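First comes the structure, then the notes that go with it.
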Amino acid sequence: MNGEDWRVELTLDDEQHGYDLGERLRSRDLDEDARARLGRRVYVSRNGSTLFLYAGSEEQARAAEEVVRQLVAEDDLSADFLGVTRWHPVEEVWKDAAIPLPRTDEE
C-alpha cells in the first residue's frame with residue numbers, strides 16, 4: 001500500500017456531488033485550515049459517488065474525515081460515512097480500524 005494504510009470512505013447522495021467534492025479535495029481547493037489539516041500525505045480517489053481518502057496514519061485519516069465532514073456540511077450535501085478502515089496485510093482487505101492487526105505469526 002506504499003504507506004497509505006488507512007482509508008476514509010464515504011458515499012455522497014449522487015455521483016455529481018462525488019465528482020465535485022473529490023475534485024475539490026484533490027486540487028486542495030480548500031480554505032487554509034482545511035488544507036493544513038488534510039496535509040500533503042492524504043490522497044483522494046473516487047468511484048462514482050464514493051470517495052476514498054488514503055492516509056499514512058490513523059491520525060491523518062481521522063483529520064481527513066473531520067475535514068470532509070465539515071465540507072459536506074458546508075456544501076449542504078448528504079453523505080454516508082462508512083468510517084475509517086485499515087489495510088490488513090495478511091488478509092489483504094480493508095478492515096475496521098478498531099480491529100487490531102496481528103502482532104505475531106500465530107495471530
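The values are calculated or read from the model by the stated rules, or taken from the named source; none is laboratory data. Remember, predicted model here, so these are calculated numbers, not experimental data. FYI the Cβ positions are ideal-geometry reconstructions off the backbone, even for glycines, and counts take in every protein chain you see. Calculation scope for accessible area: heavy atoms of the full protein, side chains included, ligands and nucleic acids excluded. Shrake-Rupley method; radii C 1.70, N 1.55, O 1.52, S 1.80 Å.
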Self-check item: Members of the stretch 33-66 found to be modelled with pLDDT of 75 or more, of a type outside the set (K, R) and open to solvent by 70 Å² or more (accessible area, probe 1.4 Å), listed by number
Solution: Y43, N47, E58, E59, E66
Quiz prompt | Residue list for the stretch 6-32, filter: at pLDDT 90 or above and either assigned to a helix (DSSP H, G or I) or touching a Pro at 6+ places or on another chain (Cβ under 8 Å) (or both) | solution = none
Self-check item: Residue satisfying all of: in the stretch 68-107; of a type in the set (A, V, I, L, M) and in contact (Cβ under 8 Å) with a residue 40 or more places away in the chain; surrounded by the most Cβ atoms within 10 Å (Cβ to Cβ) among these
Solution: V68
